[in-house]
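The values are calculated or read from the model by the stated rules, or taken from the named source; none is laboratory data. Please read these numbers as outputs of a predicted model, since none were measured by experiment. With ideal geometry, Cβ positions are generated from the backbone for all residues, glycine too; neighbour counts draw on all protein chains shown. Only protein heavy atoms, including side chains, enter the accessible area calculation; ligands, DNA and RNA are left aside. Shrake-Rupley method; radii C 1.70, N 1.55, O 1.52, S 1.80 Å.
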Amino acid sequence: MSDNKIKVPLMSEVAANGGEVEVLFWVGCAGSFDDRARKITKAFVKLLNHAGVTFAILGEEEVCTGDPARRAGNEFLFQMQALTNIETLNMYGVKKIVTACPHCFNTLKNEYPVLGGDYEVIHHTQFLQGLLEEGRLTVEGGDFKGKKISFHDSCYLGRANGIYEAPRKLLQALDVELVEMKRCKSRGLCCGAGGAQMFKEEEEGTLRVNQERTKDILETAPDFVAAACPFCMTMLTDGVKEKDKQEEIRVRDIAELIAEAEDL
Amino acid sequence: MELLLIDMPRLVQQVIFNSILLVTALLFSIKAKEIYRNIKMGKAEDRSDQPQQRLKNMTLLALGQKKMFRNMIPAVFHLCIYVAFLVTQIELIEIILDGMTGIHRIFWPMLGGFYTFIISFIELLSVFALVATIVFLSRRNLLKVPRFQMDEMSGWPKLDGNIILYVELFLVFCIFTMNTADMVLHNGEYGFLVSGMLMPLFSGFSEGTLHFLERFGWWGHIVAVFAFLIYIPFSKHLHIVLAFPNAYFGALDGGANKGEMANMPRITEEIKLMMDPSLPMPEEDPNAAPARFGAKDVEDLSWKSLLDAYTCTECGRCTDACPANQTGKLLSPRKIMMATRDRLEEKGREVAKNGPEHDDGKALIHDYISAEEVKACTTCNACVEECPVSINPVNIILELRRYLILEEANSPEEWNLMFGNVETNGAVWKLPASDRMKWIDEMNE
Ligand code: SF4
Ligand code: SF4
């Protein structure tokens, strides 16, 4: 653990000082409020700091991107959020955004442009892979070397945006044994959280979606399941826990795995 | 007598043939027009940009059947039928010309050896198609592949799937009856590959019988083709035509950006006005009917969603991949498409009869698709990914959701709580904005 405190500047401070940052880190609701997802946020920020990336956050000026409202059908609420965020982002002249949430990522990247918000939006797995390629971040397997790891594709990263390789390349850099679940990449099975399902009970059925996905996980029986989405994280963690397998199969965000390998 | 049997009827045959051809063309075009009119009931949406990319998509997805190959076994057999179907059109042209003019094998004197090659090739493909048809019939009826056994497939959809396969069996049977009898009659002069091998089967038959068999095969074939043509627009087999425009007008990058929901500009205007009251009021067309938010009925959907509905082959690849369906929820994306088509057909008849203003008291939502189905979707896009003919069921689901929420306030209580949190705290959970940065202190503890 590093003893030095990590400074996380606010965009408002940066702007007031006439400074500039490389990238705006969009923390997202889960990354800010959810206990488990906050760990991902911290791991990612430690990595940014470690790689010497200058970044800032919006802090209290950030509001929900509106993705769950929109997917639930509440277009008014979505657009209120979107237009508010766009006003803030444009005010600061933000050009580049990184986020650890595929839902925020998708909305910022694909749905804000028609509303007047045009940014280069990058998912944290892509961003980390970029740092790796540029040599700003070095990754060594450490404790993970040779461990069996499966990557769970998030729908909004994979099918919705065609990002399958960046997370896998990061895992390979960790020197792990990447084992795919039988349903992976474009055939990956949803965790059950998308489309605002995270915020309500599922309709009547035989199973919950995360229970179905947990079957795939147990069948592959990896040491770690790597996720790249805070909502997948919740769903998979719950699914594995329900089967009392949380000791054997640990669910981690890719950023956490890398930060841990780097002893951050 | 010979003359009477063969030549006289030829003239009669010619008349009968041309009449059937005309009736077929008429019936087909009436239904085609109806379908076109129905699709036009949908909302306007511009999908004409990037024609080159669109052509490429159409070539890969429709002509090249790219998506089919996600699933090897059905893909290979489907390809057999598909290629046989395409190439057989050459023979069909000849049959139609023969029928119209009364000339027997009109291309044979012109093409000679090349003719032998083409027909032999068609015969070979027909054998492959025959095998594939038998495989498909067994998959549906003996092996009972699960995606063909789901609830929405009982009754007519199941029959529809089988009818076409039986017609195919009949077609192949007719082709070989015709060609083999003809080969025997002409002492193998044509040199066709497969019917050449079948000749011993017919060798003991009298000339009259052979003539009859040849005519039976010829008529059977062409009547089946005409019947098929009339039948297609009523069936899931319409995909053989519509898969092409549907791929052309489908999502552009064939993969990415499935995550983008269509914007609702009317709402943008209203909110911009709320945020800045000094903006000019948008001009409103006083004659325009008050448009609904989201989709209650088929006419509220984009025309592309309606084209999607007519294109659906009811193959069930979407439903097979659907997480909601796999976990026993009511939602089935295939059923969404089938229900949309059924309602569209009904609405089309209704509008034709009583005009567009008349309300038949029914709608796509609730009467054809329940709120429960609509709410179960995780928007995972697995259905879109799997569809071999470029259909997007999620667009329909999300438009119906918009209607439920914006017009009916038909929302689960938990969603209302989430909406409330987003509205008041700018966060999906009931936590104050000041907590947004708690993690920084935690990190630096
Ligand atoms: S997007 Fe919805 S309908 Fe399509 S597969 Fe996923 S859950 Fe099913
Ligand atoms: S929507 Fe596509 S995948 Fe689903 S049944 Fe229709 S054709 Fe098949």
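Here's the yes/no breakdown for (1) open to solvent by 20 Å² or more (accessible area, probe 1.4 Å); (2) at pLDDT 90 or above; (3) over 18 Å from the mean Cα position of the chain (by Cα); (4) within 12 Å of chain A (Cβ to nearest Cβ):
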position: B:Asn263; (1), (2), (3), (4): yes, yes, yes, yes
position: B:Glu269; (1), (2), (3), (4): yes, yes, yes, yes
position: B:Asp308; (1), (2), (3), (4): no, yes, no, no
position: B:Arg317; (1), (2), (3), (4): yes, yes, no, yes
position: B:Thr327; (1), (2), (3), (4): no, yes, yes, yes
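Quick check on region A:46-69. Is at least one of its residues β-branched (Val, Ile, Thr), open to solvent by less than 20 Å² (accessible area, probe 1.4 Å) and closer than 21 Å to B:Glu414 by Cα?
Narrowing region A:46-69 to residues β-branched (Val, Ile, Thr): A:53-54, A:57, A:63, A:65.
Filter once more, keeping what is open to solvent by less than 20 Å² (accessible area, probe 1.4 Å): A:53, A:57, A:65.
Subsequent filtering for residues that are closer than 21 Å to B:Glu414 by Cα retains A:65.
Scanning region A:46-69 turns up at least one residue that is β-branched (Val, Ile, Thr), open to solvent by less than 20 Å² (accessible area, probe 1.4 Å) and closer than 21 Å to B:Glu414 by Cα.
Output the residue which, of all residues in region B:422-439 that are without any contact (Cβ under 8 Å) to a residue 12 or more places away in the chain and open to solvent by 50 Å² or more (accessible area, probe 1.4 Å), is farthest from the other protein chains (Cβ to nearest Cβ). Quick ask: steps written out before the conclusion?
Initially, region B:422-439 is screened for residues without any contact (Cβ under 8 Å) to a residue 12 or more places away in the chain, giving B:422-429, B:431-439.
Now narrow it down to the ones that are open to solvent by 50 Å² or more (accessible area, probe 1.4 Å): B:423-424, B:429, B:431-432, B:434, B:438.
Values: B:Glu423: 6, B:Thr424: 11, B:Trp429: 5, B:Leu431: 5, B:Pro432: 9, B:Ser434: 6, B:Lys438: 8 Å.
Step by step, filter region B:422-439, then rank; the result is B:Thr424.
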### Residue under evaluation A:Cys155, criteria (1) assigned to a helix (DSSP H, G or I); (2) buried (at least 18 other Cβ atoms within 10 Å of the Cβ), criterion not met
(1)
### Task
For A:Ala196, indicate whether it is open to solvent by less than 20 Å² (accessible area, probe 1.4 Å) and under 20 Å from the mean Cα position of the chain (by Cα).
yes
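Restricting attention to region B:355-376, which residues are within 11 Å of ligand 1 (Cβ to nearest atom) and either more than 14 Å from every other protein chain (Cβ to nearest Cβ) or under 20 Å from B:Arg292 (Cβ atoms) (or both)? Before the answer, list the steps.
Keep residues of region B:355-376 that are within 11 Å of ligand 1 (Cβ to nearest atom), which gives B:373-376.
Passing the criteria: B:Glu373, B:Val374, B:Lys375.
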### Message
Against the condition within 16 Å of ligand 2 (Cβ to nearest atom) and open to solvent by 20 Å² or more (accessible area, probe 1.4 Å), how does B:Ser390 come out, does it pass?
### Response
yes
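For region B:191-208, enumerate the residues that are in contact (Cβ under 8 Å) with a residue 12 or more places away in the chain and open to solvent by 10 Å² or more (accessible area, probe 1.4 Å).
Narrowing region B:191-208 to residues in contact (Cβ under 8 Å) with a residue 12 or more places away in the chain: B:191-196, B:198-199, B:201-203, B:205, B:207-208.
Of everything in region B:191-208, those that are in contact (Cβ under 8 Å) with a residue 12 or more places away in the chain and open to solvent by 10 Å² or more (accessible area, probe 1.4 Å) turn out to be B:Gly191, B:Leu193, B:Val194, B:Gly196, B:Leu198, B:Met199, B:Leu201, B:Phe202, B:Ser203, B:Phe205, B:Glu207, B:Gly208.
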### Query
Which one of the conditions (1) touching a residue at least 60 places away in the same chain (Cβ under 8 Å); (2) more than 16 Å from ligand 1 (Cβ to nearest atom); (3) open to solvent by less than 30 Å² (accessible area, probe 1.4 Å) does B:Ala382 fail to meet, given that it meets all the rest?
(2)
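Could you tell me whether A:Glu87 is at pLDDT 95 or above, facing chain B (nearest Cβ under 9 Å) and buried (at least 24 other Cβ atoms within 10 Å of the Cβ)?
On the way: at pLDDT 95 or above: yes; facing chain B (nearest Cβ under 9 Å): yes; buried (at least 24 other Cβ atoms within 10 Å of the Cβ): no.
No.
Search region B:223-261 for residues being closer than 30 Å to A:Glu87 by Cα and open to solvent by 70 Å² or more (accessible area, probe 1.4 Å), and hand back the single one that is farthest from the chain's Cα centre (by Cα). Walk me through how you get there before you give the answer.
Step one: of region B:223-261, the residues closer than 30 Å to A:Glu87 by Cα are B:251-253, B:256-261.
If we keep only those that are open to solvent by 70 Å² or more (accessible area, probe 1.4 Å) as well, we get B:253, B:260.
On the way: B:Asp253: 21, B:Glu260: 24 Å.
If we take residues in region B:223-261 being closer than 30 Å to A:Glu87 by Cα and open to solvent by 70 Å² or more (accessible area, probe 1.4 Å), then B:Glu260 is farthest from the chain's Cα centre (by Cα).
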### Task
Within region A:169-206, track down each residue that is free of Cβ contacts under 8 Å to residues at least 24 places away in the same chain and under 29 Å from B:Gly420 (Cα atoms).
A:Gln197, A:Lys200, A:Glu201, A:Glu202, A:Glu203, A:Glu204, A:Gly205
### Query
What number goes with the only condition from (1) assigned by TED's automatic domain parsing to the domain that holds B:Phe228; (2) surrounded by 14 or more Cβ atoms within 10 Å (Cβ to Cβ); (3) assigned to a helix (DSSP H, G or I) that B:Val12 does not pass?
(2)
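Tell me, which helices (runs of 4 or more DSSP H) wholly within region B:334-445 include 3 or more residues that are not hydrophobic (A, V, I, L, M, F, W, C)? Spell out the reasoning first.
Details: elements: B:371-375, B:382-386, B:393-406, B:413-425, B:438-444.
Passing ranges, in order: B:371-375, B:393-406, B:413-425, B:438-444.
Which of the helices (runs of 4 or more DSSP H) found entirely inside region A:52-151 contain at least 2 residues meeting this: touching a Lys or Arg at 6+ places or on another chain (Cβ under 9 Å)?
Details: elements: A:67-72, A:75-91, A:102-106, A:124-133.
Those helices (runs of 4 or more DSSP H) span A:67-72, A:75-91, A:124-133.
For every residue, the table says whether it meets (1) touching a strand residue (DSSP E or B) at 6+ places or on another chain (Cβ under 7 Å); (2) closer than 22 Å to A:Arg70 by Cβ; (3) at pLDDT 95 or above; (4) within 14 Å of chain B (Cβ to nearest Cβ).
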| position | (1), (2), (3), (4) |
| --- | --- |
| A:Gly93 | no, no, yes, no |
| A:Val98 | yes, yes, yes, no |
| A:Glu111 | no, yes, yes, yes |
| A:Gln129 | no, no, yes, no |
### Enumeration of residues in region B:156-170 that are in contact (Cβ under 8 Å) with a residue 60 or more places away in the chain and either of a type in the set (A, V, I, L, M, F, W, C) or outside the structural domain of B:Gln89 (by TED's automatic domain parsing) (or both)
B:Ile163, B:Ile164, B:Val167
### Message
Restricting to region A:167-190, name every residue that is within 14 Å of chain B (Cβ to nearest Cβ) and open to solvent by 10 Å² or more (accessible area, probe 1.4 Å).
### Response
A:Lys182, A:Arg183, A:Cys184, A:Lys185, A:Ser186, A:Arg187
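Please indicate, with yes or no, whether at least one residue in region B:361-374 is over 27 Å from the mean Cα position of the chain (by Cα) and surrounded by fewer than 20 Cβ atoms within 10 Å (Cβ to Cβ).
The initial filter retains those residues of region B:361-374 that are over 27 Å from the mean Cα position of the chain (by Cα), namely B:361.
Of the ones still in play, those that are also surrounded by fewer than 20 Cβ atoms within 10 Å (Cβ to Cβ) are B:361.
Within region B:361-374, one or more residues are over 27 Å from the mean Cα position of the chain (by Cα) and surrounded by fewer than 20 Cβ atoms within 10 Å (Cβ to Cβ).
Which of the residues belonging to region B:395-421 are without any contact (Cβ under 8 Å) to a residue 24 or more places away in the chain and either open to solvent by 40 Å² or more (accessible area, probe 1.4 Å) or more than 8 Å from chain A (Cβ to nearest Cβ) (or both)?
Of everything in region B:395-421, those that are without any contact (Cβ under 8 Å) to a residue 24 or more places away in the chain and either open to solvent by 40 Å² or more (accessible area, probe 1.4 Å) or more than 8 Å from chain A (Cβ to nearest Cβ) (or both) turn out to be B:Glu408, B:Ala409, B:Glu413, B:Glu414, B:Asn416, B:Leu417, B:Gly420, B:Asn421.
Consider A:Cys64 carefully, then state whether it is of a type outside the set (Gly, Ala, Ser) and within 22 Å of A:Arg159 (Cβ to Cβ). Give the derivation first.
Values: of a type outside the set (Gly, Ala, Ser): yes; within 22 Å of A:Arg159 (Cβ to Cβ): no.
Here the answer is no, as A:Cys64 does not meet what is asked.
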### Query
Has region B:81-104 got any residue that is at pLDDT 90 or above and at positive phi?
no
